[in-house]
Each structure stands twice: as C-alpha cells, then as structure tokens.
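One structure is given here, and the rest of the page talks about it.
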Amino acid sequence: MMENKARTKYQKVMLDLREKILTGIYPIDTKLPSEEELKKIYGVSRITVREAVNGLVSDGIVEKVQGKGSFVRELHHVKRLLKSNSIESFSKTAIKNGFKPKMEVLKLEKIKTNAELRDGLKCNSDYAIHSLRICYLDNDPTVIESNYYPLPRFEGLTNYDLSGSLYQVLKDNYGIDNLKDSESILRVVLADKEQARLLNRSVGFPLFYLRNQVFDNNKKVIQFGTEFIATDRYEFMI
C-alpha cells in the first residue's frame, strides 16, 4: 500500500512537470528547479522528485547535465516523426521515412467473441482471430497494436508469420488489396503501467489511441482493433 502511494506521488509530480513543459511554463533549454526547490514546491521527498524527473528523462523531454542540473529538451530531440495513416502498412511507411521497422508478435490466437467484438467485425461468429504486436522504429517500441479478424474468413491466419507486414500477408494469402477504413476514433490518452512497460515510456506518457475498422473492396470488415501509439514518434496525415 505504501509503495502504491509513493508511486502515485511521483506520477503526480511528473505529470504536473510535463504539463508545465508542454504549456511553455518551463520552455525548451531552460533549467528545471533544483531537487530541493521541487521538494518544497510539491511537498514530497527528494526520492519522489528524483523518480519524477528520471521519468521525464526516459521520455526524452528532460536532460540531466552533470554538475549543472536538469534541462528541458525538445520532445523530438533525437527522434524523427513517422507520417502515416491508419491503413498504410507500418513496415512500408517506416522504410519510406528512413526507419528500420521491426514487429514483435506477443499473441496470435483464436478467441471467443462478445457482442461488442461481433458488432465491430460485422459477423455472427462465436470466435475470431486476435493478434497483439509491438511495432518498433529503429529498435524503439512505438505502437501497441491489438487487432481482431473475423472467422471463418481468416481461419489459418495463426499459421502465418506476422512479424513483418500484416497487409502483405493478407494480400499474398487472402487476395486482399486496396484496403479502406471507416471513420476512425482518435484521441490522446495517458499510458498506464502495462502500456508504459511495453513502450519503454513512463507511466502517464501521452499516447495516441486509435480505434478503427478496415474494409475490403466489398465493404466487408477484415480487421477491427485498437492501437496505442507513442506521440513523440508519430504524426497522422489527415
């Protein structure tokens, strides 16, 4: 219980500092208040302050300079934005933008559907295929991708290697090309503990949340799912 309270304290400090950086209260290249000053501002221990600042350092928006203190840095200090949309292959787009993509498959399984999932897939099947992947840019985990595919159309999908381009697999093995999407839901959320672990960001790091359906030329749903995307590595063309 005490550990949870301490974690909540450092997260509150970190989120408040991040908000002040993003709103310009602490501009780029300025020095943050010292640990002693932050202790007094937030009424917390030095350890809590240090954990909060270290979280911002791991996110790339604060840099510690030995003997001088902690300085605000640009969000994209050593990063490059990936321009993409919800349909274009992650691997193909990454390569076009000069990145080396990598996909890590965490799950590929047949699961039982519920009413929400059947509605999203526009099918009545009691089962669907579920994939959970982490998408990397230059070895940096950037996207948590959770997708569902209707059965029986995609029976056998679990036998294919999804560590490359998913849409290439669908094209080569299911004859699906020229993908279309419906109106997608896009908003910003804050990373929870598991999302932060998978994306190697701090708890509370801002993420794009994208939910969408993907259709084939016959307006049949081929994919329904969600993505949690690190905002410092991605932008959307609208």
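Observations on the structure shown:
- Choice from 90, 224, 154 with maximal GNM fluctuation in the chain (Cα, 10 Å cutoff): 154
- 19 Å Cα-Cα reach of residue 31 towards aspartates and glutamates, excluding residues that sit fewer than 8 places from it in its own chain: 16, 19, 51, 59, 63, 74
- Tensor-based shape of the chain (alpha-carbon gyration tensor, a/c under 1.5 rounded, otherwise prolate or oblate): prolate
- Average accessible area per residue (Å²) across the chain - probe 1.4 Å, nucleic acids and ligands excluded: 55 Å²
- Taking one quarter of the surface of the C-alpha convex hull of the range 141-200 gives a mean projected area of 5.8 nm².
- Protein accessible area in the chain, 1.4 Å probe - carbon and sulfur %: 50 percent
- Gaussian network model of the chain, Cα within-10 Å springs - most flexible of 136, 209, 127: 127
- Selection from 228, 168, 150 lying farthest towards where the dipole of the range 121-238 points positive, charges on Cβ: 150
- With DNA, RNA and ligands ignored, accessible area of residue 211 (1.4 Å probe; Å², nearest 10): 80 Å²
- Relative contact order computed over the chain (Cα-Cα under 8 Å; 6+ residues apart), in percent: 18 percent
- Of the cross-linked pairs 12/64; 64/92; 100/122; 40/193, those separated by over 24 Å at the C-alpha level are 64/92; 100/122; 40/193.
- Shape class of the range 116-238 from the alpha-carbon gyration tensor: prolate, with a/c at 1.5 or above and a/b greater than b/c.
- Each of the peptides 48-58, 103-113 was scored by the mean count of other Cβ atoms within 10 Å over its residues; in descending order, highest first, they stand as 48-58, 103-113.
- Residue-wise HN-Hα couplings along the range 166-171, as the Karplus relation 6.51 cos²θ - 1.76 cosθ + 1.60 with θ = phi - 60° gives them from phi, are 4, 5, 5, 4, 5, 5 Hz; Gly and Pro carry x.
- Across 66, 195, 213, mean-square fluctuation computed from a Gaussian network of the chain (C-alpha pairs under 10 Å connected) peaks at 66.
The values are calculated or read from the model by the stated rules, or taken from the named source; none is laboratory data. Since we're looking at a predicted model, the values are computed, not measured. Every residue, glycine as well, gets a Cβ built from its backbone with ideal geometry; the counts of neighbours run over all protein chains shown. For accessibility, only protein heavy atoms count, side chains too; no ligands or nucleic acids. Shrake-Rupley method; radii C 1.70, N 1.55, O 1.52, S 1.80 Å.
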